[in-house]
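Data block below; observations after.
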Amino acid sequence: MGSSEVTGPENEAPGPPAGRLELSAPENDRPGGADPPVVSMESVSRRFDDAVVVRNISLSVPPGVILGLIGPSGAGKTTTLRMMTGALNPTTGRIRVLGEDPRFLRRRTRQRIGYMPQLFSLIPDLTAEENVDFVASLFGLVLWRRRRRVARSLEVVGLSNVRHRRASRLSGGMQRRVQLASALVHEPELLFLDEPTTGVDPILRSQIWDELHRLRDGGGTLIVTTQYLTDAEACDQIALITDGRLAAVGTPHELRREATGGDLIEVETTDTFDGTIIAAAAGVRSIRQTSLRSFVATVDDAGAAMANVAETVRASGGEVSSVREVRPSFDEVFTSLVKSHGSANEMPL
């Protein structure tokens, strides 16, 4: 039997609206009502000559979340981030960062912000430690605290053993890690990170994300661009940008549901069974037969539906050997969402 799909009686749940991102911090973190957004963009576009790179993006990011900006190469992620930092002016629209126009931030406000750019931004003749210490001094950290924070930041990025090596003699991956340490050193309230884990091995990447989560748990807000989808899954919220547009938004779980139309459960039976028989069962959105003795059901809620689907199979004369929830990889989710919203010629690394 070939793969087939039958749609159930329920309509697909709509995904998050494209073009607008509204994130929420936990209620118990917002005494006395909602806090003002840390970053807001209203109908922002950016044009370079005849090319429109960012198209009418609006978002509002509250304190205490990690927002991941993901998308194919050239989708507009870095341009969006650079407009948030004030490095680029929007062609149209309005941006506010910590309540101010990012092009004209007060010095006190800038001290609350950290930024790690994509491009090399170190002083080549200074050592790794001296580079991070220099940045810490710019943010006014007193000497005793500066030494402790510089040592801690270099430890987080795994460079304590090369702290006395000149930046010009570090590998490209190590230079990226010094840049990250420099962005982390003053423990900013708002942290912009452009591809922070490029060239970093998986073990160190996990360590870096532990530090980013620690900053988030302490009340910090982080906005991260990434092409590593494992990084995206470590974010609280994800914004998918494709062709300069905000195409899909939500938590990793919400984007999985948007890509698949609901939760997925896989049912295997001991003998041949036509899964389409149960397409009309309560909570079932669709059925995809994957073999003579297995099928995948798209359901409203996997936890609530597994027992019901298994019982419906038995009532229809089948015998269930296993039933489990299926979680598609975020690579599959990304590919599905990009294809549904635009070109997928360039995939993340």
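The values are calculated or read from the model by the stated rules, or taken from the named source; none is laboratory data. Keep in mind the model is a prediction, meaning the values are calculated, not measured. Reconstructed Cβ throughout: ideal geometry from the backbone, glycine too, with neighbour counts over all protein chains shown. When the accessible area is computed, the model is the full protein with side chains, heavy atoms only, and any ligands, DNA or RNA have been set aside. Shrake-Rupley method; radii C 1.70, N 1.55, O 1.52, S 1.80 Å.
Miscellaneous remarks
- Each residue, Arg103 and Ser73, gets one label point 7 Å from its Cα in the Cβ direction; the gap between the two is 3.1 nm.
- Ordering of 328-336, 58-66, 174-182, 211-219 by packing [mean C-beta count within 10 Å, highest first]: 174-182, 58-66, 328-336, 211-219
- The chain, accessible surface, carbon-and-sulfur percent (1.4 angstrom probe): 48 percent
- Length gained when the stretch Arg152-Ala51 is fully extended (0.36 nm per residue, less Cα-Cα span): 32.1 nm
- The H on the amide N of Tyr115, modeled in the peptide plane, is under 5 Å from the matching H of Phe192, each at least 5 residues off or on a different chain.
- When the helices of the chain are scored as -39500 (n - 2.57) per DSSP H run of n ≥ 4 and the total is divided over every residue, the value at 222 nm lands at -9000 deg cm²/dmol.
- Highest average packing first - 121-130, 225-234, Cβ atoms within 10 Å: 225-234, 121-130
- Think of each Lys and Arg Cβ as +1 and each Asp and Glu Cβ as -1; about the Cα centre, that makes the dipole of the chain roughly 2080 debye.
- Cα centroid separation, region 204-221 to region 145-177 (Å): 18 Å
- With all protein chains kept in place, the per residue accessible area of region 217-349 amounts to 41 square angstrom at a probe of 1.4 angstrom.
- Each of Ser329, Gly68, Leu292 was placed along the dipole of the chain (beta-carbon charges, centred on the mean Cα), and the one lying farthest toward the positive end is Gly68.
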